[in-house]
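Read the structure below first, then the notes.
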Amino acid sequence: MNTMPEKVTIVGAGEIGCGWAALCASAGWPVTLFDTNARMLEHASTEVPRRARALIALERATPGIVERGLQELTQGRSLLLAVQDADWVIEAIPEDLLAKQKLFDAVDQIAGLETLLSSSSSGLLPRDIFARCRRQDRCLVTHPLNPPEFIPLVEVVPSERTGPAWVTRAHDYLSALGRVPIVIRKSVPGYVVGRIAAAVWRECVDLILTGVINVEELDRAVSLGPALGWAAAGPHLTYHLAAGEGGVTVFLQRLLASFEQRWSELATWHSLEPEQLRALTHAIERAYKGKLEALEEARDRRLSSMLRALEQERTDS
């Protein structure tokens, strides 16, 4: 099959929707962006080109291809016109199950028989999201990380009713966009990335609220500590390599024993009290107030450099 769809429709012009649109446009793919909120669409009309062209400056995209894609970027005047001739419909509305169900109920009735339908949900179960669809075989989750145009990983989460051919098609589309799709074998709330992020962030929040460390130092500790090693190898390979040749079993037994002690001391709360939320918000704002634009640019430069290095390593090996 052709791995370049003739038209991609993105429903939802928020942060994730704009990221998807910038990514597809940067690959030269025709994109239609639809949202019922006119202000969101107005913002997207400048935000998507800005984000797509930023990829050129960071050597993540080719100027001619980006400009071709932006020339074919349109705004849908209605859901019907946006969806009816699309090869791939990507939902990127807020994480509201009922709203997603209603949207996919409508999209399922409008879209052509060969149209792939995917949700950008970050943790809702696909069987729930697509519960009202008659053609659930062509429905699955393609969960990007933020910003979608930069971070290559995308979680592909089929339901029990998703057909294997549609999983393959989603995989092919994402690969053609330069993404790294991972197929989740068993759908659980939060999928894989969300569950890991939630566990780590809870401990990070707890360390802030209990006064162990401040926000900037904690972010530095994570980004220049375990996150750096995990970016290169992931947690299991990191510890496997640390064991050395022939010492894996003994090392893991000792490591797990030490971790089991730490696990017993980690935060286990499930929600924050209002005063705790206010304290956390204040701490983050105090750390980064007035710096966000510069910090975002610096983050994007670092991401681009890291991705180039990782891609070059994969090419060389």
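Quick rundown of the values:
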read-out	value
Output for region 258-294, where each listed residue is in a helix (DSSP H, G or I), under 24 Å from LEU145 (Cα atoms) and either not hydrophobic (A, V, I, L, M, F, W, C) or not assigned by TED's automatic domain parsing to the domain that holds GLY229 (or both)	THR281, GLU285, TYR288, GLU293
Matching entry among SER271, SER223 (being under 26 Å from the mean Cα position of the chain (by Cα) and surrounded by fewer than 10 Cβ atoms within 10 Å (Cβ to Cβ))	SER271
Residues that are without any contact (Cβ under 8 Å) to a residue 60 or more places away in the chain and either closer than 25 Å to ARG314 by Cβ or not charged (D, E, K, R) (or both), drawn from region 214-231	LEU218, ALA221, VAL222, SER223, LEU224, GLY225, PRO226, ALA227, LEU228, GLY229, TRP230
Failed criterion for GLU42 (all others in (1) closer than 20 Å to LEU140 by Cβ; (2) out of contact with any helix residue (DSSP H, G or I) (no Cβ under 9 Å at 6 or more places or on another chain) hold)	(1)
Conditions (1) in contact (Cβ under 8 Å) with a residue 12 or more places away in the chain; (2) more than 26 Å from THR162 (Cα to Cα); number of the one not met by GLN71	(1)
Residue in region 130-145 that is closer than 30 Å to ALA61 by Cα, surrounded by fewer than 19 Cβ atoms within 10 Å (Cβ to Cβ) and modelled with pLDDT of 95 or more present	yes
Some residue of region 182-199 being surrounded by 17 or more Cβ atoms within 10 Å (Cβ to Cβ), under 22 Å from LEU310 (Cα atoms) and hydroxyl-bearing (Ser, Thr, Tyr)	no
Residue ID - farthest from ALA227 (Cα to Cα), chosen from residues in region 196-213 that are without any contact (Cβ under 8 Å) to a residue 24 or more places away in the chain and either part of a helix (DSSP H, G or I) or assigned by TED's automatic domain parsing to the domain that holds ILE151 (or both)	LEU207
Selected residue (criterion: nearest to PHE150 (Cα to Cα)) from residues of region 295-317 that are part of a helix (DSSP H, G or I) and more than 22 Å from the chain's Cα centre (by Cα)	GLN312
Qualifying helices (runs of 4 or more DSSP H) (wholly inside region 1-111; at least 1 residues being among the charged types (D, E, K, R) and modelled with pLDDT of 95 or more)	15-26, 38-57, 63-71, 97-110
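The values are calculated or read from the model by the stated rules, or taken from the named source; none is laboratory data. Note that this is a predicted model, so its numbers are computed, not measured. Every residue, glycine among them, receives a Cβ derived from its backbone with ideal geometry; neighbour counts consider all protein chains shown.
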